[in-house]
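**Q** Once you've had a glance at the structure underneath, I'll fire off some questions.
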Amino acid sequence: MKLVLSPEQRELREAVRAFLRAAAPLPKVREGYDPAVYARLNGELGLSGLIVPEEHGGAGAGMAELAVALEETGAALLPGPFLSTVFATIAAGLVSDKELLTGIADGRVTATLDRTEVLFDGTSARGTLPQVLSGMEADVLVAPARTGDGLVLVAVELTGPGVRRTALDTLDLTRGQAAVVLDGAPARPLGRAPEADLHDRLCVALAAEQLGVMRAALDAIVAYAKIRVAFGRYIGSYQGVKHKLADMHGKLEQAESIVRYAAWAADESPGELPGAAALAQAYVGRACFEVARDHLLLYGGVGYTWEHDAHLFYKRAKADEVLLGPPRLHRARLADLLEL
């Protein structure tokens, strides 16, 4: 088991971090999804193709490397369809669909994944999907459909006929969702993906993003505590503040160990992945929200203003906490796996 990043993984982290600081600082994040930044993210760093096999034009990296990249995009609160495309890539990778993987790897295709079942007749899809992550930006939707061979994944063209998309008002202002209605939308089968394996890998990917949100929130409030003066003292010198920051740091350290372990299990030890993935969302999802909440509280009154960035981290953390189901469901699954 490897819980420490390799030199190559550290280089990847620094490259993604430097790019996002320059191309997607928080003031730009407030402006929403910028296709030009997303195109550069793929053209200069090839992040969408990071886990796409080399024979399909990708880098052929594993979940450990993907977790490193997602931690940085999470810390930057990157808007747009990166996480949704990662979800779709994981699904396409499990069924080895060359067409979708190649399109994602070369940056031509943005995608999303939704686990609401659709009706599929072999060439088109029908159904109503009430909350699709990045549903307005994605070109392709991956969703399950029930056929004579059981449950299969299908790829639905969202840019063609038979598709109606409506943007939703959502808590997370940095990443949207959409209601999608399919009425004969062009679609094709991808194959049968093991539902449990897919779910586990999505949990690991999301936990990596949550780890980045935690780290950025803690770094920001620690920096603030060193310069904010109240009653003649830096607030970081007050015992109550120091205790709170120490608690936040402890949660971050535990979350990092869990994410590194879960990513390693996804790559190297499939038998350990179900428990590691359940643990990741049972712990990291809640811890991320708690760190983001306390980060906002420690700013005092200014943290509650629209102009301050604290609410952006708070809202991303809350939206992520329930994206793949609330922590109680993951705790229940972990308990079942441990036969408790």
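The values are calculated or read from the model by the stated rules, or taken from the named source; none is laboratory data. The model shown is predicted, which means the values in this text are computed figures rather than measured ones. Here the Cβ is made from the backbone with ideal geometry for all residues, glycine too, and neighbour counts use every protein chain on show. Areas reflect the complete protein model, heavy atoms only, side chains present, ligands, DNA and RNA absent. Shrake-Rupley method; radii C 1.70, N 1.55, O 1.52, S 1.80 Å.
**Q** Does the stretch 1-121 come out rounded, prolate or oblate by the C-alpha gyration tensor, with a ≥ b ≥ c the root eigenvalues, rounded set by a/c under 1.5 and, if not, prolate when a/b is larger than b/c and oblate if not?
**A** oblate
**Q** Right, next: Pull up the DSSP beta bridges for the chain and report the antiparallel fraction as a percent, rounded to 5.
**A** Working: 29 of 33 bridges.
Antiparallel: roughly 90 percent of the beta bridges in the chain.
**Q** Across the chain, how many lysine pairs, 8 or more apart or on two chains, come within less than 18 Å at their alpha-carbon atoms?
**A** Working: K28/K315; K226/K242; K226/K244; K242/K251; K251/K318.
The number of close lysine pairs in the chain is 5.
**Q** Still on this structure: At a 1.4 Å probe radius, carbon and sulfur cover how many percent of the accessible area of the stretch 209-339?
**A** On the way: 3500 of 6050 Å².
About 58 percent, which is the carbon plus sulfur part of the accessible surface.
**Q** Which whole-Hz couplings ³J(HN,Hα) result when phi for each residue of the stretch 249-264 is put into the Karplus expression 6.51 cos²θ - 1.76 cosθ + 1.60, θ = phi - 60°, listed in order with x for Gly and Pro?
**A** Going residue by residue, I get 5, x, 5, 5, 4, 5, 4, 4, 4, 5, 5, 4, 5, 5, 5, 4 Hz, with x marking Gly and Pro.
**Q** Whose amide H sits under 5 Å from the amide H of G184, counting only residues 5 or more places off or on another chain, with H placed in the peptide plane?
**A** The answer is A125, R126, G127.
**Q** If you don't mind, another one. Counting only heavy atoms of the protein chains, get the accessible area per residue of the stretch 26-92 (1.4 Å probe) and round it to a whole Å² value.
**A** I get 31 Å² per residue for the stretch 26-92.
**Q** Residues of the stretch 195-340: accessible area per residue at 1.4 Å, in Å²?
**A** On the way: 6490 Å² over 146 residues.
Averaged over the residues of the stretch 195-340, the accessible area is 44 Å².
**Q** So what are the stretch 1-60's ellipsoid semi-axes, whole angstrom, largest first, if each one is the square root of 5 times an eigenvalue of the alpha-carbon gyration tensor?
**A** Equivalent-ellipsoid dimensions as semi-axes: 24, 17, 9 Å.
**Q** Applying a 10 Å radius around every beta-carbon, put 66-75, 224-233, 297-306 in order of their mean neighbour count, most first.
**A** In descending order of packing, they fall as 66-75, 297-306, 224-233.
**Q** I'd like the carbon and sulfur percentage of the solvent accessible area for the stretch 1-78, probe radius 1.4 Å, heavy atoms only, ligands and nucleic acids excluded. Don't skip to the end; give the middle numbers.
**A** On the way: 2000 of 3670 Å².
After summing per-atom areas, the C and S share lands at 54 percent.
**Q** Using a Förster distance of 25 Å, how high is the FRET efficiency between E272 and A335, based on the Cβ-Cβ distance and rounded to 0.05?
**A** Values: r = 17 Å, r/R0 = 0.66.
Using R0 = 25 Å, I get an efficiency of 0.90.
**Q** When the Cα atoms of the chain are enclosed in a convex hull and the volume is divided per residue, what value in Å³ results?
**A** Numbers: hull volume 46.4 nm³, N = 340.
It is 137 Å³ per residue.
**Q** Follow-up. Where in the stretch 303-318 does the amide nitrogen come within less than 16 Å of the point 7 Å from the Cα of I227, taken along Cα to Cβ?
**A** It comes to 303, 308-310, nothing else.
**Q** I would also like to ask the following. Using the Karplus curve 6.51 cos²θ - 1.76 cosθ + 1.60 with θ = phi - 60°, what ³J(HN,Hα) values do you get for each residue of the stretch 84-99, in whole Hz, with x for Gly and Pro?
**A** 5, 5, 4, 4, 5, 5, 4, 5, 5, x, 5, 10, 6, 7, 4, 4
**Q** Stretch T128-E11 to full length: gain in nm at 0.36 nm per residue minus the Cα-Cα span?
**A** Numbers: separation 117, 0.36 × 117 = 42.12 nm, distance 4.26 nm.
37.9 nm is the gain from fully extending T128 to E11.
**Q** Run lengths n ≥ 4 of DSSP H only: what is the helix-derived mean residue ellipticity at 222 nm for the chain, with -39500 (n - 2.57) per run over all residues, to the nearest 500?
**A** Mean residue ellipticity, 222 nm, calculated: -16500 deg cm²/dmol.
**Q** Here is a follow-up. Taking Cα atoms, how many degrees apart are the long axis of helix 35-45 and the longest axis of the chain, rounded to 10 and kept between 0 and 90?
**A** So the helix axis and the longest Cα principal axis differ by about 90 degrees.
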